[in-house]
Amino acid sequence: GIEQDDLFVPIESETNELKLELATEVVYTDNEFLKEYLTGTESEERYTLVHSKVRPDMAKALGLTPLSQFLDISEDTFEDAGQCEPLTTRLKNILKDYKDGLTIIKELLQNADDAEATEVNICYDARVHSADPKKLFFPGMADSHGPALIVHNNKTFSDDDFKNITQLAGGTKQNKPLKIGKFGIGFCSVYHITDVPSFVSRDYLYIFDPTLKHLQKAVSNPARPGKKTKFTQKVISTSQQLQPYTGLFEFDPKRPYDGTMFRLPFRKAYSEISSTFYSESTVQELLKKMNESSSNLLLFLQHVKKITFSRFDSDKTA
């Protein structure tokens, strides 16, 4: 390869003559303002600018020094500082508008009805699934393999549904007034009881982890704290990742799922999202309210005709 000490590049000159200079002595413009600033002031800085025909990306590839670096403008001179709000804070504020624990079921029922499901099954899975972190694709999820609320319906997600549920505003349903449910803000009511909701539909597993305590380093972009995984791939289906779903409502990780099943592991301690955590008695109280309200909930649904309640303990269902 050519060493920079041996590389000559064309430079700007006041005449039209072609002039070459050692690459180590040449800078390129990475900010037009800086170029204008130096041109319009009596700067003591002496620099040689690469020819304007040499694009910035090419200059960078050639190893030339950017003008900002030459002027010693460091990262802390210009630092990202826009107004922002952590997702956990946003969710905490959203939950203030969804105070009733039954809201969770109402929202999931309405979304099932929106998808034209005819049956919804609500299950309290009291089991604690053995989870060896070494056998999990996402080892931090082992802590979420305890008791959970399961909500299943007999319709699969559409492409729009997958998109809506990852957006707080649930955008693609806003122009459909006959659709009662709206994934997005309404779905956020599930954070009343869990910090890490997940669901399976078709051949996808989605996991949302706003606190990033479960997915941890598996998430490359903290602004999108979750993972979408095609669970039918052998590396996933043969792991223990899907163990909490397997066998419930005919779910088999080796084939696409003809339905949608949400899994909401009960929060066990205070978190950035909510200070509410669920003991056995709290869970039982919630299930009792759900059962008592089920007949009234059906009145406001167009397609769902049946709601069932069940409990799963160890190797038996009640």
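The values are calculated or read from the model by the stated rules, or taken from the named source; none is laboratory data. Remember, predicted model here, so these are calculated numbers, not experimental data. Don't worry about glycine lacking a Cβ; one is built from the backbone with ideal geometry, like all the others, and counts go over all protein chains shown. In case anyone asks, the SASA skips ligands and DNA or RNA and just uses the protein heavy atoms, side chains included. Shrake-Rupley method; radii C 1.70, N 1.55, O 1.52, S 1.80 Å.
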- Give the residues of segment 280-318 that are among the small types (Gly, Ala, Ser) and either surrounded by 11 or more Cβ atoms within 10 Å (Cβ to Cβ) or part of a helix (DSSP H, G or I) (or both), sorted by residue number. Ser281, Ser293, Ser294, Ser295, Ser310
- Message: Here's a check for you: in segment 44-63, which residue that is in contact with a Leu (Cβ under 9 Å, 6 or more places away or on another chain) and modelled with pLDDT under 85 is nearest to Asp5 (Cα to Cα)?
- Response: Tyr47
- Task: State whether one or more residues within segment 286-307 are under 18 Å from Leu248 (Cα atoms) and of a type in the set (A, V, I, L, M).
- Result: yes
- Test Phe262 against the criterion of being hydrophobic (A, V, I, L, M, F, W, C), within 28 Å of Asp113 (Cα to Cα) and part of a strand (DSSP E or B), and give yes or no. yes
- Query: So is Leu205 under 19 Å from Ala131 (Cα atoms), under 19 Å from the mean Cα position of the chain (by Cα) and not charged (D, E, K, R) or not?
  - Reply: yes
- Is it fair to say Lys268 is touching a helix residue (DSSP H, G or I) at 6+ places or on another chain (Cβ under 9 Å) and modelled with pLDDT of 90 or more? no
- Message: Condition first: modelled with pLDDT under 90, open to solvent by 70 Å² or more (accessible area, probe 1.4 Å) and under 12 Å from Phe138 (Cβ atoms). Can you find one or more residues in segment 212-229 that meet it?
- Response: yes
- Assess whether Lys234 counts as being surrounded by fewer than 17 Cβ atoms within 10 Å (Cβ to Cβ) and without any contact (Cβ under 8 Å) to a residue 60 or more places away in the chain. yes
- Query: Does segment 277-285 contain any residue that is of a type outside the set (Ser, Thr, Tyr) and touching a helix residue (DSSP H, G or I) at 6+ places or on another chain (Cβ under 7 Å)?
  - Reply: no
- Task: Return the pairs, sorted by first residue and then second, in which the second residue is at pLDDT below 90 and open to solvent by less than 10 Å² (accessible area, probe 1.4 Å), the first residue lies in segment 103-132 and is of a type in the set (Phe, Trp, Tyr), the beta carbons are less than 8 Å apart, and the residues are 6+ apart or on different chains.
- Result: Tyr124/Val283
- Item | Filtered residues of segment 228-269 (kept if closer than 23 Å to Ile122 by Cα and β-branched (Val, Ile, Thr)) | Thr246, Thr260
